[in-house]
1. What's the extension gain from Gln155 to Gln61 if we count 0.36 nm per residue and subtract their Cα-Cα distance?
2. How fast does region 77-141 diffuse by Stokes-Einstein, in µm²/s, taking the Kirkwood radius from C-alpha pairs at 25 °C and 0.890 mPa s?
3. Using only the Cα atoms of region 64-175, what are the Rg and Dmax in Å?
4. Which one of Asn91, Gln162, Ala52 is farthest out on the positive end of the charge dipole of region 41-170, using unit charges on Cβ (Lys, Arg +1; Asp, Glu -1) and the Cα centre as origin?
5. I need the phi-derived Karplus couplings for region 117-130: 6.51 cos²θ - 1.76 cosθ + 1.60, θ = phi - 60°, integer Hz, Gly and Pro marked x.
6. Evaluate the charge dipole of region 62-169 about its Cα centre and quote only its size in Debye, nearest 20, assuming +1 on the Cβ of each Lys and Arg and -1 on the Cβ of each Asp and Glu.
Amino acid sequence: MIFPRRAASCVVAVAALSLTACTSSEQAAAPPELPPLTFHPCDGFGPDARAAAGIDGADIQRYEDREEPFQARPCSYRSDDPYSSVLISSNRIRLSKAENDERYTLVQDTTVAGHRTLITDFPGGLQCKASVDFDPNVLEVMVGYKQGDIETPEQACSLALQVVEDLAPYFPDHL
């Protein structure tokens, strides 16, 4: 009667391997890759867009493009009224990543030109950020506070939202 025990052991072993194989392949399935960025705010928002948003095109600072931990195309401008720096970047991330970042406090969840837009405060970094969903990528506008004429998070968040609203007619179809 040893044979039936061996057969039963083989069946159990095969079943265990099958379950392991299913679990391993399910865990190995990666989320779909995000498309690479094709829009750079330094190039994509021309003089008319910058004028509409009240940002000075004479003092553009193009930061080095970043690939890790995610692809980003940042560009810094100066706002003259109120005086502040404004950083605009195309980011190869999903809005859910920005939404679930525990470092930020949600101030407002709104829609601008058909795009879901999250306004969040980052007290640790003294900045407010507007994250505009260009599914699957995100356009971000950051305004610092405790610098220039911007003293409070409310002022920074208000300016970030205003810049997004002013740039909306110039939004690209995708990032």
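1. Taking 0.36 nm per residue and subtracting the Cα distance, the gain is 31.6 nm.
2. Roughly 200 µm²/s, to the nearest whole number.
3. Reported Rg and Dmax, both Å: 13.0, 34.
4. Asn91
5. 10, 9, 9, 10, 9, 10, x, x, x, 6, 8, 10, 10, 9
6. 260 debye
No lab work stands behind these numbers, since they all come straight from the coordinates. Predicted model, so just to flag it, every value in this text is computed and none were measured. Using ideal geometry, Cβ is built from the backbone for each residue, glycine included, and neighbour counts are taken over all protein chains shown.
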